[in-house]
Amino acid sequence: MSLLASLVRAYDRLPDAPPYGYSAEKIGFCVLLNPDGSVAGVADLRGDDKKRSPRVLLVPQPPIRTSGKKACFLWDKTAYCLGVTAGNASRAQEEHALFVADHERWLADADDAGLRAFLAFLRTWTPDRFGPPDWDQDLVDQNAVFALAGQHRAGFIHDRQAAKAIWQRIGGERQGRQGACLVSGDMAPIADLHPKIKGVWGAQSAGASLVSFNAEAYESYGHESGDNAPVSQAAAFAYTTVLNRYLTTGSGHRVQIGDASTVFWADCSDAEVAEEAEFWGGAMFGEPSKAGTAEDMAERKIQDKLRAIAAGRPLREVAPQLAEGVRFFIAGLAPNAARVSLRFYWEGSFGTLAQHYAAYSQDVAIEPAPQRRPVSIRAATLRTAPAELHNGTVRYDGERVSRLLAGELLRAIITGGRFPRALLALLVLRIRSDQVLDPIRLALIKGLIVRDMRLDGRLPRRADGTEQGDYLMCADPDDPNVARRLGRLFALFEKAQMAALGDGINSTVKDKFLGAAAATPGRVFPALCIAAENHHLKRLRNGHSDARWIKDADHARRVAAGLGREIGALWASFAEGLPAQHSAEDQGLFLIGYYQERYARRDAAEPGHGSDPDTTLQEQDE
């Protein structure tokens, strides 16, 4: 099923779907009219929040404005309906004149009291009347509707039956030529221009087109504009209505993945099952619900089920109603001048998606775990951006996420394919440059390496010959991998420094040498070993320490003995020499070894580790 066809199908399941010819628009205020057309007052429809958000109302669908001037029916922005704007006054005068002329023609035979009052208002209104006390300056350039005084709570003029009948007649007059719709296959009026898509991050605020032909270079076979991809007016209305609803903030159907505004939805014969699948999709993507809401409670339950799937339980046991008969759709929309480009599109069974998400969760599983919940897709893509420290908190700028890698990462997760090879090098580079060993970054590195090893047949094998599927998940002192063992050794050097000098020092071994040690261990490690033996361990053996967690001189000597044994055993395992340099995969293994040794939870009584509070990783929420 194509993207447009799946969206048209979703229109029938859309809650409170606007009927054909209508759309949900942001309206700032309502002009209250007396029967003679005079202004009785102005009702501010904006909310009480800090942004004074306009109210979303169902109004006759606005025309598609490109470079020309076109009026909306019985509502519009103030430049058209009142002739008032903060911008070009002469253009507003022309737009208002067009608005009046069109309504004179449309409402010429109207016999409804509301429509007659509206027409009388247009005939007597002049823009110089816009001002205090009835008209606030912050209403300029807002969208406005109209109602008879005392009736705006019951309905607006465009809601009256006479207005709806006229609007239906106007729609019939605007119908284009008949043709075969490529979405439905039916013979129907073909849309010349498609309604605008709004809500795509980075696109024009007035909206952008998903399907458009605005130059001869894009046309073929003598067709013009919309005839090059014939979509019926009804289908164009349906797919744009659904997309605009899904792209609305808080819709539960969108999440930002890099520069792509990603929407997702489900299709099933049972609407409640489809809605549940969409809740699952939101949890997988990492679209949070407001705390304390019913959606938040549902998300918490779904997170528990996602953990069960990540642990290996099949979907048919955890949520049997979702295992079969549910289709799932994912579309990534990115801005491209006045258009919306389709960055990626996936459709398949929800069971397949859950299976691939479980495989991803198992691949990125690492101890210590970065958080209680599985690593969401949004959290994973966000960690590819540079890290910035603000008041002790690490933040990631979503605008600096690699557009290409974000899409490729998402595709790998939802299809179960190989992760982009450039991602491993990028993550290693990020850690080396900003020194932030984010647990989710390490989880991604682990997942990249393990999936590549499995697909290439390089996973270590157990004694019985089976693949070690949980390789790299936990600290493993018996792993012979040189890069991982060097990472462990580097962590022990840092622990020795912290035990001897305390955690108040300006910079640690990690701060100074992490990048060089990971990339060129043969050049860095001999000097680090000498520093650890002749300075840090020596100070501890003499019973001296500035670490708060070391109790006394005897405790310092015990810590020195434990660290000395571990460092000595690891150093002896490199009798054949240290590698001169590491590949990107080896650097990733080095970082994993360092992370697991540095932050593994140890028994406080274990020699050499004590109860250093810095060695306990605090669980982080997204």
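The values are calculated or read from the model by the stated rules, or taken from the named source; none is laboratory data. Quick caveat: nothing in here was measured; it's all calculated off a predicted structure. Every residue, glycine among them, receives a Cβ derived from its backbone with ideal geometry; neighbour counts consider all protein chains shown.
Quick notes on this structure:
- Neighbours by Cβ (under 8 Å, 6+ apart or cross-chain): first from the range 267-280, closer than 12 Å to residue 325 by Cα; second among the hydroxyl-bearing types (Ser, Thr, Tyr) and part of a helix (DSSP H, G or I): 267/6
- Verdict on residue 343 being within 16 Å of the chain's Cα centre (by Cα), of a type in the set (Lys, Arg) and either more than 22 Å from residue 410 (Cα to Cα) or not assigned by the TED database to the domain that holds residue 450 (or both): yes
- Take the conditions (1) among the charged types (D, E, K, R); (2) at pLDDT below 95; (3) not in a loop (DSSP other than H, G, I, E, B); residue 451 misses just one of them, which is (2).
- Restricting the range 238-283 to residues that are crowded, with 24+ Cβ neighbours inside 10 Å and among the aromatic types (Phe, Trp, Tyr), the residue that is farthest from residue 408 (Cα to Cα): 239
- Pairs linking a residue in the range 446-465 that is more than 14 Å from residue 362 (Cβ to Cβ) to a residue that is of a type in the set (Asp, Glu), with Cβ atoms under 7 Å and 6 or more positions apart or on different chains, are 461/467.
- Number of positions in the range 372-396 that are modelled with pLDDT under 85 and of a type outside the set (S, T, N, Q): 6
- For the range 185-195, filtered to residues that are surrounded by fewer than 21 Cβ atoms within 10 Å (Cβ to Cβ) and either in contact with a Phe, Trp or Tyr (Cβ under 6 Å, 6 or more places away or on another chain) or touching a residue at least 24 places away in the same chain (Cβ under 8 Å) (or both), the residue that is farthest from residue 115 (Cα to Cα) is 186.
- Residue in the range 254-269 that is out of contact with any helix residue (DSSP H, G or I) (no Cβ under 7 Å at 6 or more places or on another chain), assigned to a helix (DSSP H, G or I) and among the hydroxyl-bearing types (Ser, Thr, Tyr) present: no
- Residue 232 assigned by the TED database to the domain that holds residue 275 and more than 19 Å from the chain's Cα centre (by Cα): yes
- Across the range 336-359, the qualifying residues are those that are out of contact with any Cys (no Cβ under 9 Å at 6 or more places or on another chain) and surrounded by 24 or more Cβ atoms within 10 Å (Cβ to Cβ), and the one among them that is nearest to residue 395 (Cα to Cα) is 357.
Residue by residue, here is whether (1) within 30 Å of residue 113 (Cα to Cα); (2) in a loop (DSSP other than H, G, I, E, B); (3) under 35 Å from the mean Cα position of the chain (by Cα); (4) at pLDDT below 90 holds:
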| residue | (1), (2), (3), (4) |
| --- | --- |
| 168 | yes, no, no, no |
| 172 | yes, no, no, yes |
| 183 | no, yes, yes, no |
| 217 | no, no, yes, yes |
| 222 | no, yes, no, yes |
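- Hey, residue 10 closer than 27 Å to residue 168 by Cα and buried (at least 19 other Cβ atoms within 10 Å of the Cβ) or not: yes
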